[in-house]
Amino acid sequence: MKIRPSAIALFMLACSTALPALAIDYPARKPGLWEMKMGDSAGGASSAPAQTVQQCIDAATDQALRDMGQGMGKDACSKQEMRREGSTLVIDSVCKMGTTTATSHAVVTGDFGSSYRMESSSTYKPPMMGKSGASFVMEAKWVGPCKAGQKPGDMIMGNGMKMNVVDMMKGQPKK
């Protein structure tokens, strides 16, 4: 099966739902099954269709994803700042992705127990995959306990593809 670049971007965005705990302790998500709807915020005819991902987490998985994000950022980003503005988290970063520098700004609202929303915009210099920028919106909601047969780290992509991010982080095949 060929994995499209959009699936890779979707996976990375899903992993970024637990952004690194920098100066502020990023809120932990409630354990269970989360549904994340992601798409670009342009909403026009040329916009990519929204994607939905379900992710089963427990406290350890959520922490591992935050740690992974922090490690990736440390290696690739020259700037990572997170600050609290009232009940909103604002994240600004400058990261190297191959030969491209991505400058991003994200605003996160919500309680991480029942739902949260992230709006993110990035510019790419030089352009990445033909684009000089992108905007994404992700709305996540807790839908209940993980389903029978799911284990923490399982992600079900919108196309039905299943992967376990914990196993991938360990470099092991999904069991």
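List the pairs whose first member sits in segment 154-175 and is surrounded by 10 or more Cβ atoms within 10 Å (Cβ to Cβ), whose second member is modelled with pLDDT of 90 or more and assigned to a helix (DSSP H, G or I), and whose Cβ atoms are under 8 Å apart, counting only residues at least 6 apart or on separate chains?
That search, which allows pairs on different chains as well, returns Val165/Thr61; Val166/Thr61.
Looking at Val143, Val137, which is the one that is in a strand (DSSP E or B), open to solvent by 50 Å² or more (accessible area, probe 1.4 Å), under 17 Å from Gln54 (Cα atoms) and not basic (Lys, Arg)? Spell out the reasoning first.
Working: Val137 fails: open to solvent by 50 Å² or more (accessible area, probe 1.4 Å).
Going through Val143, Val137 in turn, the sole match is Val143.
Find the residue count for segment 20-40, including only residues that are at pLDDT below 70 and closer than 20 Å to Met157 by Cα.
Number satisfying all stated conditions: 0.
The values are calculated or read from the model by the stated rules, or taken from the named source; none is laboratory data. Note that the structure is predicted; figures quoted are calculated from it, not measured. Cβ: placed from backbone, ideal geometry, glycine included. Neighbour counts: every protein chain shown. Heads up: the accessible areas ignore ligands, DNA and RNA and are worked out on the full protein's heavy atoms, side chains in. Shrake-Rupley method; radii C 1.70, N 1.55, O 1.52, S 1.80 Å.
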